[in-house]
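Some notes on the structure that comes next.
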Amino acid sequence: MTQQLLLDILPGALPTLDGFMAGANQAAIDAVRALSPGRALYLWGGAGSGRSHLLRAQAQAQSGHYLDARTPAHWLQALATDEDRALTLVAVDDVSDLNDAAQAALFALFNRWRAAASTADAFALLTAGDRAPLTMPLREDLRTRLGWDLVYRIEQLSDEDRAQALRDRAQQRGLNLPDDVLHWILIHHDRDMGRLSALIDTLDQYSLARHRPVTLPLLKELLMAGRPSPRRQPARRRMNRHRRVRLL
């Protein structure tokens with residue numbers, strides 16, 4: 001086992017709506033699940049609330065497109081302007097971080113969505129950000145469009161909900177998750193439920209590979225294995241530095 005274990009497994013779990021712990025967000029999840037062509041939905045919540053999980057899950061379920069602020073703006077522009085391309089659902093995440101070109105592309109996509117809403121070319125539009133539409137740091141005409149249809153806030157899970165979600169995840173894998181391990185994870189690790197769930201999966205695989213039960217020392221060993229090794233200075237540079245010191 002090496003640090004590559006975490007890098008390989010943590011991003012790999014495919015998000016699903018069934019795999020999302022609802023907590024106080026059942027109405028929002030139902031709205032995502034029921035999103036149909038011609039409707040739009042904007043989700044907002046803080047980091048780790050799970051909005052990206054919901055967008056990825058729904059885009060996957062409906063064979064749609066998922067884009068975020070890291071996606072080149074011309075990809076979004078192509079979806080907005082290529083009317084020969086049939087669309088089922090377009091999910092645009094992290095809209096508060098879109099650059100000017102991407103904002104213009106999303107504005108055009110909203111216009112295409114509205115024009116097609118009552119036709120055979122209708123598609124669903126799912127967007128998300130970290131705050132309510134009218135407080136977004138975006139161009140004014142785009143802010144208003146984010147609130148054109150449904151808007152839901154995604155609430156952070158309580159510690160009790162997060163604990164239960166991790167117990168359920170472990171139980172699905174047949175993994176015995178001791179209380180002290182669960183408590184440590186909730187206090188010290190990422191609050192993002194997607195990464196927490198992936199950590200449980202990784203811990204299960206690490207335990208099997210090591211032929212050791214899950215314990216707090218095993219968890220800490222796994223996390224240490226996932227940290228990059230400190231970079232050593234090349235030997236030649238170290239030698240030259242010492243040579244300069246001797247010459248002085």
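Could you figure out which of (1) part of a helix (DSSP H, G or I); (2) in contact with a helix residue (DSSP H, G or I) (Cβ under 8 Å, 6 or more places away or on another chain) isn't true of ALA128?
Checking ALA128 against (1) part of a helix (DSSP H, G or I); (2) in contact with a helix residue (DSSP H, G or I) (Cβ under 8 Å, 6 or more places away or on another chain), the one that fails is (1).
Identify, please: which residue in region 94-120 is in contact with a helix residue (DSSP H, G or I) (Cβ under 9 Å, 6 or more places away or on another chain) and not in a helix (DSSP H, G or I) and is, among those, surrounded by the fewest Cβ atoms within 10 Å (Cβ to Cβ)?
The extreme case among them is ASN99.
Of (1) in a helix (DSSP H, G or I); (2) surrounded by fewer than 16 Cβ atoms within 10 Å (Cβ to Cβ); (3) without any contact (Cβ under 8 Å) to a residue 60 or more places away in the chain, GLN164 satisfies all except one. Which?
GLN164 satisfies every listed condition except (3).
Of ARG56, ARG39, ARG85, which residue is at pLDDT below 95 and either of a type in the set (A, V, I, L, M, F, W, C) or in contact with a strand residue (DSSP E or B) (Cβ under 8 Å, 6 or more places away or on another chain) (or both)?
ARG56
Find all pairs meeting these conditions: Cβ atoms under 8 angstrom apart; at least six residues apart or on different chains; first residue within region 78-93 and free of Cβ contacts under 8 Å to residues at least 60 places away in the same chain; second residue of a type in the set (Asp, Glu).
GLU83/ASP121; ALA86/ASP121; LEU87/ASP121; VAL92/ASP68; ASP93/ASP68
Of all helices (runs of 4 or more DSSP H) completely enclosed by region 21-92, which ones contain at least 2 residues that are under 26 Å from GLU155 (Cα atoms)?
The helices (runs of 4 or more DSSP H) meeting that bar are 26-33, 51-61.
Under the condition of being touching a residue at least 40 places away in the same chain (Cβ under 8 Å) and loosely packed, with under 15 Cβ neighbours inside 10 Å, which residue from region 203-222 is farthest from the chain's Cα centre (by Cα)?
ARG210
Filter region 36-58 for residues that are farther than 27 Å from ALA163 by Cα and either among the β-branched types (Val, Ile, Thr) or buried (at least 21 other Cβ atoms within 10 Å of the Cβ) (or both) and give the result.
ALA40, LEU41, TYR42
Hey, TRP148 hits all of (1) of a type outside the set (A, V, I, L, M); (2) out of contact with any Lys or Arg (no Cβ under 8 Å at 6 or more places or on another chain); (3) over 19 Å from GLY46 (Cα atoms); (4) open to solvent by 80 Å² or more (accessible area, probe 1.4 Å) but one; which does it fall short on?
Result: TRP148 fails condition (2) only.
For region 139-151, give me each residue that is in contact with a Phe, Trp or Tyr (Cβ under 9 Å, 6 or more places away or on another chain) and over 16 Å from LEU55 (Cβ atoms).
The initial filter retains those residues of region 139-151 that are in contact with a Phe, Trp or Tyr (Cβ under 9 Å, 6 or more places away or on another chain), namely 139, 141-142, 145-151.
Listed by number, the residues that qualify are ARG139, ASP141, LEU142, ARG145, GLY147, TRP148.
Does any residue of region 70-91 turn out to be open to solvent by 10 Å² or more (accessible area, probe 1.4 Å), touching an Asp or Glu at 6+ places or on another chain (Cβ under 6 Å) and under 23 Å from ALA198 (Cα atoms)?
No, region 70-91 has no match at all.
The values are calculated or read from the model by the stated rules, or taken from the named source; none is laboratory data. Treat the numbers as computed from the prediction; the structure is a model and nothing was measured. Note that we place each Cβ from the backbone using ideal geometry, even for glycine, and neighbour counts take in every protein chain shown. Quick note on the areas: whole protein, heavy atoms, side chains included, nothing else; ligands and nucleic acids left out. Shrake-Rupley method; radii C 1.70, N 1.55, O 1.52, S 1.80 Å.
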